[in-house]
Amino acid sequence: MTAIIALSLFGISNLFLGFWFPRKVLQVLTLLFLAIGMGLTAIDWNHELLWFGNMFRTSNTSINFSLIIQLAAFLVVALSRGFGADDEHTHPAEYYAILLFSVVGAILMVSFDHMIMLFVGLEILSVAMYVLTGSDKRNLKSNEAALKYFLMGAFATGILLFGITLVYGATRSFYVSNLANIIAATAPESMPSFLYIGVLLMVVGLLFKVSAAPFHFWTPDVYDGAPTIFTMFMSTVVKTAGFAALYHILSGVFGGIYSTWVLTIYFISMLTLIIGNVTAAYQQSVKRMLAYSSISHAGYMLMTVSANQISSTSTILYYSLSYTLATVAAFAVLIIVSEYQTGRKEKPEDYASFEGLAKNNPGLAFCFTISLLSLAGIPLTAGFWGKFFIFSDSFNRNIIYPVILAILMSAVGIYYYFKGIIFMYFKDGDIEKIEVPTLFKIALWFCTIATLALGVYPNMVKSLF
Amino acid sequence: MNLLFILFFPLLIGAYLLITKPKHAFIISLSAAILEATATGILLYKINESALAITYIHDWIPEVGIQFSLKADGISGILIGLCALLLTFIIGSTAKTEKANHAQYQGLILLMQSAMMGAFLAKDAFLFYFFFEASLLPIYFLASKFGGENKSAITFKFLIYTIFGSLFLFIGLIFVYLRTPGTTHSADIETLYVTARNLSAEAQGYLFLAFFIAFAIKMPIFPFHTWQPDTYTTSPSQGTMLLSGIMLKMGTYGVIRLIIPMFPLGIGIWGNTAIVLSIIGVIYGSIIAIQQKDAKRLLAYSSFAHVGLISAGMLTQSLEGIQGALYQMLSHGINVIGLFFVIEIIERRTKSRELAQLGGITQSSYVLTVSFIILSLGSVALPLTNGFIGEFILLKSIFDYSFVFGIVAGITIILGAVYTLRLIQKTMFGNVSRITTEFSKLTLEEKMVLIPLSIFVLLGGIFPNAILHFSEESVLQITQLLK
């Protein structure tokens with residue numbers, strides 16, 4: 001809990017430090033702040049406590065989620081380079097500060113014990129993301145993305161809030177633990193019917209944030225328009241926090257009325273799998289492909305949510321971690337390659353930019369390969385075990401058809417992920433040796449090695465979850 | 001410890017070659033392969049002496065009951081023996097070519113060996129799956145980096161096709177695994193045997209399909225073979241040897257190790273269909289092979305036909321069927337590698353594989369002709385060659401199972417003779433063509449590969465008992481489960 005206070009203060013101090021220090025110093029300071037934040041989060045391990053008028057609960061699950069979120073933020077900050085052509089006209093201090101604030105919002109979202117806390121956390125995270133999406137001020141696409149994200153996001157938050165209101169009306173409580181007891185104690189017939197509408201609206205609001213179909217329409221444009229470094233942040237932190245919150249609500253609060261919401265989630269997960277994977281296969285741009293792939297991974301994770309097993313929490317944790325590591329590495333290589341290709345190729349973010357990357361940059365190509373393999377769920381990588389746990393959970397609940405669909409869609413996934421590998425290794429291109437800064441290299445290799453290590457020995461973290 | 005050495009040694013050397021790219025890659029990988037073969041030989045000797053399986057068990061993911069467990073019994077023993085033996089020849093066959101000291105090429109071959117060894121040794125079903133999938137990556141890179149015409153599209157099709165199949169195996173495994181007793185479950189293959197046999201006939205039927213699709217694509221069985229001729233043709237020779245010599249055995253091994261003991265009721269429902277498909281593959285592959293103009297493609301179809309017979313034999317679930325399948329896997333591996341190597345030798349000298357352009361090689365290279373004929377006769381299953389023993393036992397098991405199937409499958413001997421003799425005649429005999437006039441003699445390195453392989457063909461045909469005896473005990477254990 002002290003972590004959120006500390007991170008907020010660090011964020012504010014970052015704003016002032018920007019007066020005196022250049023970006024590189026701020027970057028190191030922000031890394032330090034996040035490391036302290038992780039330390040403070042980890043201190044609460046094994047202490048189940050309530051804070052802020054019982055509105056905020058720290059448990060081992062929430063600590064794990066908070067650590068994954070902060071790890072993702074840490075990697076994003078480590079991978080951040082200049083925010084534009086010159087640091088004079090951009091505002092690195094503000095960006096780092098906003099990143100820290102959004103991390104606070106994400107931590108609230110994974111540890112709430114009160115519906116208002118969820119709303120506050122979601123808003124802190126979302127408003128920060130609207131700003132970061134539009135941070136490339138001179139780029140029209142970035143502006144468009146920010147506006148689109150803001151309008152759609154505000155609408156979704158409104159729906160969530162409406163849902164919270166209806167649920168409050170039906171149960172007279174905002175507290176998660178209370179709500180669960182009330183719902184468990186009341187017979188389904190005597191429950192007012194608008195409770196179910198409330199649940200549905202809350203779920204829709206959160207599904208929007210995790211970009212599940214049919215609420216995914218903002219995702220490709222926003223991911224594409226935002227500066228890649230913030231796309232990386234969005235696709236990892238927002239997704240992890242969103243899933244933690246969604247699962248907490250559906251399983252922790254509305255677990256008692258499982259049968260009413262499960263079919264909805266069941267079909268949404270199937271729809272998300274189909275739309276995410278099939279559309280990703282048609283993309284020419286790697287960035288858009290990764291955006292659709294993030295939709296498809298939401299589909300896999302929703303399968304666990306609909307299974308609602310005891311092991312589902314640890315599955316979501318494991319999947320979030322493996323997905324975060326792989327996505328961060330993939331976007332990092334994309335940043336390097338597209339920066340190199342800017343001016344050389346018409347569309348620097350297309351697959352074609354990766355032609356012949358392996359020849360003079362075997363390290364970058366290797367990192368990208370491992371991250372794509374992990375996203376595709378090939379053995380030896382963390383993604384494989386993620387899929388394994390998800391399919392196990394689903395089978396435990398006798399969910400057969402979505403699993404078969406997921407298998408078919410995994411095959412489609414292999415098609416578009418391997419396309420990147422083909423372009424790097426088997427096409428001729430003229431990419432020279434690209435210079436990569438040390439910090440960047442360390443973060444990239446950390447992701448790659450962690451992906452492999454979790455693939456060979458998943459127990460390393462699985463035993464913690 | 002020996003098991004771990006066999007599993008990880010090629011991996012280490014392969015990774016070393018890939019990372020450091022040393023100059024003398026050929027010497028390193030060849031000595032690694034010989035050392036590996038020696039270690040495997042010692043292990044097989046120990047198993048044969050003590051008649052006991054050698055196991056290694058270590059916790060991997062205790063929370064979900066998955067172990068890192070290896071087991072070498074008679075069945076695995078034959079396959080790791082095959083893998084270790086053939087790898088020395090496969091690496092040896094690159095000698096003095098531009099690929100010999102290509103560190104990536106050799107490294108990928110060794111990684112492939114490690115993954116295949118892992119699949120043959122795994123005692124835990126998920127470990128098996130892990131290696132089963134992992135073996136795809138090196139062969140994919142090998143084929144699409146060093147392959148021939150249109151390699152990118154063809155190998156991509158191969159990759160997606162096979163992964164698609166193995167995903168069904170994956171969910172099938174999870175399904176059975178979740179029904180094993182205990183809160184953490186267990187993925188040990190022997191626990192899965194017990195659990196799966198207790199499932200209802202309907203469930204077993206669906207599971208049989210899920211497993212069989214994966215293995216049928218790997219082998220391949222008609223109608224899942226469409227990736228195979230193109231991939232075999234376009235891959236570099238060593239890639240084709242790996243694919244046909246060892247990798248397809250992962251499919252047949254999977255049937256013996258997993259499907260037969262796990263789903264007797266499932267085979268009851270779908271077994272006939274599967275056998276019919278396999279036999280269709282035998283006849284269909286042979287007929288297409290007869291019409292091929294490209295020698296490598298001809299061999300690809302012949303391999304397809306042979307594996308159909310293996311599959312039909314083992315699906316009869318009889319002792320003879322499984323024993324014959326194991327023996328034929330061994331013979332087929334040796335024969336097909338030899339034959340593909342002969343084609344490569346011809347291609348190196350003439351830059352062509354077109355049957356119409358070749359001919360009269362016997363006048364320039366006597367050793368090549370003799371070993372080619374021995375290897376071909378092994379493939380045709382003439383008595384005194386290893387192919388005869390395998391096919392004879394297989395056909396006997398199919399006859400015992402159903403007289404009609406036996407007769408239809410028996411046509412393979414005639415058809416096999418037709419396409420193989422046509423291959424020999426068009427390449428070795430006849431008039432010397434424009435491109436074979438200056439056909440140079442075999443080099444020492446080429447002889448070092450071809451002559452031992454030919455000797456193995458004859459040895460296998462004259463002394464089959466040692467090998468049949470070696471696997472008998474383990475196969476009996478499996479067939480006893482069925483009673």
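The values are calculated or read from the model by the stated rules, or taken from the named source; none is laboratory data. No experiment lies behind these values; they were computed from the predicted model shown. Reconstructed Cβ throughout: ideal geometry from the backbone, glycine too, with neighbour counts over all protein chains shown.
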Test residue B:104 against the criterion of being outside any helix (DSSP H, G or I), in contact (Cβ under 8 Å) with a residue 60 or more places away in the chain and within 14 Å of chain A (Cβ to nearest Cβ), and give yes or no.
no
Segment A:354-409, residues that are in contact with a Gly (Cβ under 6 Å, 6 or more places away or on another chain) and small (Gly, Ala, Ser)
A:356, A:374, A:376, A:377, A:382, A:383
Unique residue being on the phi < 0 side of the Ramachandran plot and in contact with a Pro (Cβ under 6 Å, 6 or more places away or on another chain) when the list is A:146, A:170
A:170
Having 3 or more residues that are at negative phi and more than 10 Å from chain B (Cβ to nearest Cβ) is the bar; report the helices (runs of 4 or more DSSP H) wholly within segment A:352-465 that clear it.
A:357-360, A:362-376, A:382-396, A:401-426, A:438-456
Residue ID - surrounded by the fewest Cβ atoms within 10 Å (Cβ to Cβ), chosen from residues in segment B:157-167 that are of a type outside the set (S, T, N, Q) and more than 7 Å from chain A (Cβ to nearest Cβ):
B:157
Of those in segment A:104-140 that are assigned to a helix (DSSP H, G or I) and among the small types (Gly, Ala, Ser), the residue surrounded by the fewest Cβ atoms within 10 Å (Cβ to Cβ) is A:126
Determine the pairs where a residue that is at positive phi, located within segment B:1-28, has a partner that is not aromatic (Phe, Trp, Tyr) with Cβ atoms under 6 Å apart, the partner being 6 or more residues away or on another chain.
B:21/B:103
Would you confirm whether or not segment B:217-232 contains a residue that is within 14 Å of another protein chain (Cβ to nearest Cβ) and assigned to a helix (DSSP H, G or I)?
yes
Condition set over 22 Å from the mean Cα position of the chain (by Cα), β-branched (Val, Ile, Thr) and more than 14 Å from chain A (Cβ to nearest Cβ), scope segment B:2-41, selection surrounded by the fewest Cβ atoms within 10 Å (Cβ to Cβ): answer is B:27
Segment A:205-232, subset of a type in the set (A, V, I, L, M, F, W, C) and part of a loop (DSSP other than H, G, I, E, B), residue surrounded by the most Cβ atoms within 10 Å (Cβ to Cβ)
A:212
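What number of residues in segment B:168-183 are at the interface with chain A (Cβ under 7 Å from one of its Cβ atoms) and in contact (Cβ under 8 Å) with a residue 24 or more places away in the chain? I'd like the intermediate steps shown before the answer.
So the first thing to find is which residues in segment B:168-183 are at the interface with chain A (Cβ under 7 Å from one of its Cβ atoms), and the list is B:168, B:171, B:174-175, B:178.
The next check asks that each one be in contact (Cβ under 8 Å) with a residue 24 or more places away in the chain; those that pass are B:168, B:171, B:175.
Residues meeting the conditions: 3.
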Scanning segment B:52-83 for residues that are β-branched (Val, Ile, Thr), touching a residue at least 24 places away in the same chain (Cβ under 8 Å) and over 14 Å from residue B:123 (Cβ atoms) gives B:64, B:78
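If you scan segment B:366-382, which residues turn out to be farther than 15 Å from residue B:310 by Cβ and not in a helix (DSSP H, G or I)? Talk me through it step by step, then tell me what you get.
Pass one, segment B:366-382, residues farther than 15 Å from residue B:310 by Cβ: B:366-377, B:380, B:382.
Listed by number, the list holds a single entry, B:382.
Just to be sure I understand, how many residues within segment A:250-307 are of a type in the set (Ser, Thr, Tyr) and in contact with a helix residue (DSSP H, G or I) (Cβ under 6 Å, 6 or more places away or on another chain)?
First pass over segment A:250-307, keeping only residues of a type in the set (Ser, Thr, Tyr): A:251, A:258-260, A:264, A:266, A:269, A:272, A:279, A:282, A:285, A:292-294, A:296, A:300, A:304, A:306.
From what is left, the residues that are in contact with a helix residue (DSSP H, G or I) (Cβ under 6 Å, 6 or more places away or on another chain) are A:260, A:266, A:269, A:272, A:279, A:292-294, A:296, A:300, A:304, A:306.
Total meeting the criteria: 12.
Is it the case that residue B:128 is within 14 Å of chain A (Cβ to nearest Cβ) and in contact (Cβ under 8 Å) with a residue 12 or more places away in the chain? Step through it out loud before you land on a result.
Values: within 14 Å of chain A (Cβ to nearest Cβ): yes; in contact (Cβ under 8 Å) with a residue 12 or more places away in the chain: yes.
Yes.
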Considering only residues that are at the interface with chain A (Cβ under 10 Å from one of its Cβ atoms) and more than 19 Å from residue B:112 (Cβ to Cβ), which ones fall in segment B:139-156?
B:152, B:153
Subset of segment B:184-198 that is buried (at least 17 other Cβ atoms within 10 Å of the Cβ) and free of Cβ contacts under 8 Å to residues at least 40 places away in the same chain - its residue that is nearest to the other protein chains (Cβ to nearest Cβ):
B:195
Yes or no: residue A:365 surrounded by fewer than 24 Cβ atoms within 10 Å (Cβ to Cβ), modelled with pLDDT of 90 or more and either basic (Lys, Arg) or out of contact with any strand residue (DSSP E or B) (no Cβ under 8 Å at 6 or more places or on another chain) (or both)?
yes
Need pairs with beta-carbon distance below 8 Å; first residue under 16 Å from residue B:267 (Cα atoms) and within segment B:466-483, second not in a helix (DSSP H, G or I); sequence gap 6+ or separate chains.
B:479/B:317; B:479/B:318; B:482/B:317
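Can you confirm whether residue B:439 is assigned to a helix (DSSP H, G or I), of a type in the set (Phe, Trp, Tyr), at negative phi and surrounded by 15 or more Cβ atoms within 10 Å (Cβ to Cβ)? Lay out the reasoning, then the answer.
Details: assigned to a helix (DSSP H, G or I): no; of a type in the set (Phe, Trp, Tyr): yes; at negative phi: yes; surrounded by 15 or more Cβ atoms within 10 Å (Cβ to Cβ): yes.
Against the criterion (assigned to a helix (DSSP H, G or I), of a type in the set (Phe, Trp, Tyr), at negative phi and surrounded by 15 or more Cβ atoms within 10 Å (Cβ to Cβ)), residue B:439 does not qualify.
To keep it simple, each residue is scored yes or no on (1) farther than 24 Å from residue B:351 by Cβ; (2) in a helix (DSSP H, G or I).
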| residue | (1), (2) |
| --- | --- |
| B:384 | yes, no |
| B:388 | yes, yes |
| B:399 | yes, yes |
| B:419 | no, yes |
| B:456 | yes, yes |
| B:467 | yes, yes |
| B:471 | yes, yes |
| B:480 | yes, yes |
When residue A:57 is run through (1) in a helix (DSSP H, G or I); (2) within 15 Å of residue A:106 (Cα to Cα), the failure sits at (1)
